[in-house]
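The next block holds one structure in the form of structure tokens; read it before the comments.
The values are calculated or read from the model by the stated rules, or taken from the named source; none is laboratory data. Here the structure is a predicted model, which means the values were calculated and not measured. A quick note on method: Cβ atoms are made from the backbone with ideal geometry, for glycine too, and the neighbour counts reach across all protein chains shown.
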């Protein structure tokens, strides 16, 4: 897959023989509602500004950025992880087997999967050579 010129690709040498591709997406500001830092009752999630005198709706610069289509990343890198591989949500061992042929994906086990099946899927993924992003043994501080 060829990436557009405007996407910066950093090539990091891991060893002398292998090179790993890292994708750097466009930077975008944090989209906070008006008065986020000043009022305790205003939460950090985005809310569209309404109201005739709203400074954020009027696009005053001091009020912060509004989400726009221009902040979107190119289609080639949208939804990809930093290492240039896309994620696939896996709910059972059969879905994990289907990923064996695909080299450019990593697996994420669904949150609804229990501990026994999760451990079995981790062992199966190791045997198949598939990377699992959210395997609990990779994150020792997590409960579960």
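Restricting attention to region 128-142, does a residue exist that is out of contact with any helix residue (DSSP H, G or I) (no Cβ under 6 Å at 6 or more places or on another chain) and more than 26 Å from residue 22 (Cα to Cα)? Within region 128-142 (the criterion being out of contact with any helix residue (DSSP H, G or I) (no Cβ under 6 Å at 6 or more places or on another chain) and more than 26 Å from residue 22 (Cα to Cα)), the answer is yes, since at least one residue qualifies.
If you go through region 37-49 and keep only what is more than 24 Å from residue 25 (Cβ to Cβ) and surrounded by 12 or more Cβ atoms within 10 Å (Cβ to Cβ), you end up with 42, 47, 49.
Being surrounded by 10 or more Cβ atoms within 10 Å (Cβ to Cβ) and without any contact (Cβ under 8 Å) to a residue 12 or more places away in the chain is a property that holds for residue 126. Any residue at all in region 116-123 that's in contact with a strand residue (DSSP E or B) (Cβ under 6 Å, 6 or more places away or on another chain) and within 24 Å of residue 22 (Cβ to Cβ)? No: zero hits.
Results for (1) loosely packed, with under 12 Cβ neighbours inside 10 Å; (2) in contact with a helix residue (DSSP H, G or I) (Cβ under 6 Å, 6 or more places away or on another chain); (3) part of a loop (DSSP other than H, G, I, E, B), shown as yes or no for each residue.
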site	(1), (2), (3)
51	yes, no, yes
57	no, no, yes
67	no, no, yes
77	no, no, yes
102	no, no, yes
108	no, no, no
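I'd like to check something: does region 81-94 contain any residue that is more than 17 Å from residue 23 (Cα to Cα), surrounded by fewer than 15 Cβ atoms within 10 Å (Cβ to Cβ) and at pLDDT below 90? Checked against the condition, which is being more than 17 Å from residue 23 (Cα to Cα), surrounded by fewer than 15 Cβ atoms within 10 Å (Cβ to Cβ) and at pLDDT below 90, region 81-94 yields no hits at all.
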